[in-house]
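Structure provided below as structure tokens; questions to follow.
The values are calculated or read from the model by the stated rules, or taken from the named source; none is laboratory data. Since the structure is predicted, the reported quantities are computational estimates derived from the model, not experimental observations. Counting neighbours? That spans all protein chains shown, and the Cβs are built from the backbone with ideal geometry, glycine included. Side chains are part of the model used for accessible areas, which takes the heavy atoms of the whole protein and leaves out ligands, DNA and RNA. Shrake-Rupley method; radii C 1.70, N 1.55, O 1.52, S 1.80 Å.
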Amino acid sequence: MQLTRSLTLTDAVFVGLGSMIGAGVFAVFAPAAAAAGSALLVSLVIAGVIACCNALSSAWLAARYPQSGGTYVYGRERLGRLWGDLAGFAFVLGKTASCAAMALTVGVYAGAPKPVAVAAIVALTALNLTGVQKSALVTRIIVVVVVLVLVLTSVTAREAVQPAEFLPAGILPAAALLFFAFAGYARIATLGEEVREPARTIPRAVVISLGITLVVYSVVALVALNALGSSLAVSTLADVSPSLAPVIRVAACLAALGSLLSLQLGVSRTTLAMARDRRLPGFLADLRWAEIATGLVAIGLVLTVDVTRAIVFSSFCVLLYYAIANASAWTLGKRVVPAVGLAGCLTLAGAVLWQL
């Protein structure tokens, strides 16, 4: 099936923003704070540095191989079929778990986790079937609304009663959980066959979307710690500003929906690429069937796991995926950035392994 190059730089940036901001702000800060306390900020820096390395490696590879499939394609072309297959299956499994986590996040904020989660997956699968341009437009609207709400939340945040404790032993596990929230730029690379001027657009979109996300995460983390202190570990972002709680809950649902939308786009494209190479059943080489299959598997996970378990499994798989991306970038003649990214991914994968 031939895909159309219809996405602009702005579209690609918003796909990345929709993936990262929705997951990080509303789903990951609480468990990360439970692990690291006020050391959450250190964990955020570690996750951000590793994400930057991964972003650069992914951008270099995407410019060389502007095809749907992301690191599945990069690993296959640079390291061999086995590593490409490992990356592909890690991405599909990990990101399908992310779809379940984001759908359940919508359900939690809406007050009916599993029924709402299933309905969200069905609705967004139907939207994706109408075409990637409409999906990108919806993602752009969601990102704008969520960022505006985050600004209002920061301005009206309350003061903490008890500061969070600094827990150095939890820094790496928290960084591994936070990494889950930074992984959205992969969706840009997996849309390689649908982006205009991919060699120029993809690297720029990766860097821009990650940079904006780093700024947003840093501000929100500081505000949340200042507002909730030790209670951040058992709270939601709606507790940061009680006066805006209903608005924040609506924004949380929108953010998670935006993330879910972008996740489904990425998983279905990697599934399509693997089916083309006969690593998955041939009927999945039709994008429509790939999108339907992604939705069905995500629904199955929603009915069997909780949010935290889905995030932990996704983080582990995604860290393996990016380890292969960095190893692939090393073969391009790059050295320092892929080496730091590879070492960081393997370290965080080890830190999160005990939580599986």
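Mind ordering 163-175, 41-53 by average Cβ neighbours within 10 Å, highest first?
Numbers: 163-175: 19.1, 41-53: 21.4.
Final packing ranking: 41-53, 163-175.
Using a 1.4 angstrom probe on heavy atoms only, work out the carbon and sulfur share of the accessible area of region 55-162 in %.
Values: 3100 of 4450 Å².
That fraction is 70 percent.
May I pose another question? Of the listed peptides 206-217, 259-270, what is their order by residue-averaged count of other C-beta atoms within 10 Å, with the highest listed first?
On the way: 206-217: 19.8, 259-270: 29.3.
By packing density, highest mean first, the sequence is 259-270, 206-217.
Helices from the chain with mean Kyte-Doolittle at least 1.6 and a Cα length along the axis of 30 Å or more, per DSSP H: which? Don't skip to the answer; put the middle values down first.
Values: long enough: 40-64 (36 Å, 1.79); 81-110 (43 Å, 1.08); 132-156 (36 Å, 2.10); 198-228 (44 Å, 1.63); 245-276 (46 Å, 1.17); 307-330 (34 Å, 1.32).
Result, helices passing both filters: 40-64, 132-156, 198-228.
Taking only protein heavy atoms into account and a 1.4 Å probe, give the accessible area per residue of the chain in Å².
Numbers: 13090 Å² over 356 residues.
Roughly 37 Å² per residue, with all protein chains present.
Relative contact order for region 223-295: what percent, with Cα pairs under 8 Å and sequence separation of 6 or more? If you can, show how the numbers build up before the last one.
Details: 51 pairs, mean separation 13.3, N = 73.
Computed over region 223-295, the figure is 18 percent.
What is the Cα radius of gyration of the chain over 2.2 N^0.38 Å, N being its residue count? Please list the in-between numbers first.
Numbers: Rg = 18.6 Å, N = 356, 2.2 N^0.38 = 20.5 Å.
Relative to the 2.2 N^0.38 Å estimate, the chain comes out at 0.91.
Tell me the Kirkwood radius of region 283-346: reciprocal of the mean inverse pair distance over distinct alpha-carbon atoms, in Å. Display every interim value, and only then the final one.
Values: mean 1/r = 0.0710 Å⁻¹.
Its Kirkwood hydrodynamic radius stands at 14.1 Å.
Could you sort Ser315, Ser218 by their accessible area in this structure, using a 1.4 Å probe and putting the largest first? If you can, show how the numbers build up before the last one.
Numbers: Ser315 0, Ser218 50 Å².
Per-residue accessible area, sorted high to low, gives Ser218, Ser315.
Could you work out the relative contact order of region 9-354, using alpha carbon pairs under 8 angstrom and six or more residues apart, expressed as a whole percent? Could you put the intermediate results ahead of the total?
On the way: 682 pairs, mean separation 130.5, N = 346.
RCO, region 9-354: 38 percent.
Taking the C-alpha atoms of region 156-256, how large are the radius of gyration and the largest Cα-Cα span, Dmax, in Å?
17.1, 52
A further question follows. Give the residue from Val297, Ser98, Leu56 lying farthest towards the positive end of the charge dipole for the chain; charges sit on Cβ (+1 for Lys and Arg, -1 for Asp and Glu) and the dipole is referred to the Cα centre.
Comparing the listed Cα positions along the dipole, Leu56 ranks first.
Restricting to Cα pairs below 8 Å that are 6+ residues apart, what does the relative contact order work out to for region 28-176? Please round to a whole percent.
On the way: 105 pairs, mean separation 63.8, N = 149.
After rounding, I find 43 percent.
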